[in-house]
1. (1) in contact with a His (Cβ under 7 Å, 6 or more places away or on another chain); (2) under 30 Å from Ala349 (Cα atoms); (3) not assigned by TED's automatic domain parsing to the domain that holds Met342: which one isn't true of Ser298, the others all being true?
2. Tally time: how many residues in the range 114-127 are closer than 15 Å to Met97 by Cβ and surrounded by fewer than 21 Cβ atoms within 10 Å (Cβ to Cβ)?
3. Please specify each residue of the range 254-293 satisfying the condition of being part of a loop (DSSP other than H, G, I, E, B) and either assigned by TED's automatic domain parsing to the domain that holds Glu140 or over 18 Å from Lys190 (Cβ atoms) (or both).
4. Determine which member of the set Ile258, Ile248, Ile183 is touching a Lys or Arg at 6+ places or on another chain (Cβ under 9 Å) and not charged (D, E, K, R).
5. I'm trying to understand the selection: among the residues of the range 304-322, which are more than 19 Å from Leu353 (Cα to Cα), under 26 Å from the mean Cα position of the chain (by Cα) and not in a helix (DSSP H, G or I)?
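The values are calculated or read from the model by the stated rules, or taken from the named source; none is laboratory data. Quick caveat, the model's predicted, so the values are computed rather than measured. In this analysis, Cβ positions are derived from the backbone assuming ideal geometry, glycine residues included, and neighbour counts consider all displayed protein chains.
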Amino acid sequence: MSEILPFRYLFGPGPGNAYPEVMAALSHPVIGHLDPVFIARLDRVSAGLREVWGTANARTWPVSATGSGGMEAAFVNFVEPGDPVVVAVNGLFGERMCEVARRCGAEVVRVEHEWGQPVDAERVLAAHPSPKIIAAVHAETSTGVRSDIAALGAGKGDALLLADAVTSIGGLELLADEWGVDIGYAGTQKCLGVPPGLSPFTVSERAFERRVREPRSWYFDIGLLGGYVGAAQGRTRTYHHTAPVTMIAGLEAALDRILAEGLPTVWARHEAAGAALREGLEDMGLELFAAEGSRLPSLTTVRVPDGVSSARVRRILLEQYSIEVGSGVGEFADTVWRIGLMGPNANPASVTLALGALGEAIGAAR
């Protein structure tokens, strides 16, 4: 018999605790992926995703994959061998973009930034005279940094702007059309408050016209996927794959809940929780990692105090308080903590709990 694990407060960079409405939806009876009830649900979910993306793009839907699958779909559909692709690298997921683009045969132009700093739009825009794609992470999960995607959109010229919104969608202001985003992918497991497994995806008409006609991936071919969600685009729906019907029901519940609360209210709730957490950490004498003025509200990075074992503190939090926080990444694995307040956890009670437990754990680990 499988072990039933205790409840965890997931205050890390990975999956966040789900909204209660989502958990209820996940317990509904499983229906078929061709059931008319599910087809109508998929249309509603696509419409809701347009709202949280801030777009009118017809080709907006949940890709049946995690955020990393969304990243691969974003590159494989638009990059052909030899295409120049400029990638802003200021953390792990910018690094991963470079690798995915390389495997598609791109001429990858890396624009390096110090980790913890936002993307320098001027340097990125000047990196190549005529790139096919300019790619950047809006909310870098590995460093807790928010970058100005609108500045890249304003200066992109003929290039397609590709944005990672995994840690921002459903929690931070996101205006894909206004900012000039042509290709966007995200994940459900952070501010949307849904378990991992789907990638909210959007493609502008401008980008779709410039897609790879036969991409290397059949599964992620947006020409085929677009037919599967064709009813929302006024076309006959064609079968593509067996969709994760229960996950999409959960996403529908999350979108309904977020849009009922109101996007500006949700954004403000995340901003307030992030600000309160940062203030509390500094009051404890801890040093924040991400650059001031570019710190994410949904994911706060803080330096581990000298003489304190990061691993021991995290173990105490998990075993004694049932709280999971994340370690840093790469060279910062032992020197930075990543504390996420996303979706239902973006509230004052979670801030109080996280600060109190962290203080106790640091004291016990010294």
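1. (3)
2. Residues that pass the stated criteria total 1.
3. Gly262, Met284, Gly285, Leu286, Glu287, Phe289, Ala291, Glu292, Gly293
4. Ile248
5. In the first step, residues of the range 304-322 are kept if they are more than 19 Å from Leu353 (Cα to Cα); the result is 305-309, 311.
Restricting the remaining residues to those that are under 26 Å from the mean Cα position of the chain (by Cα) gives 311.
Matches in the range 304-322: none.
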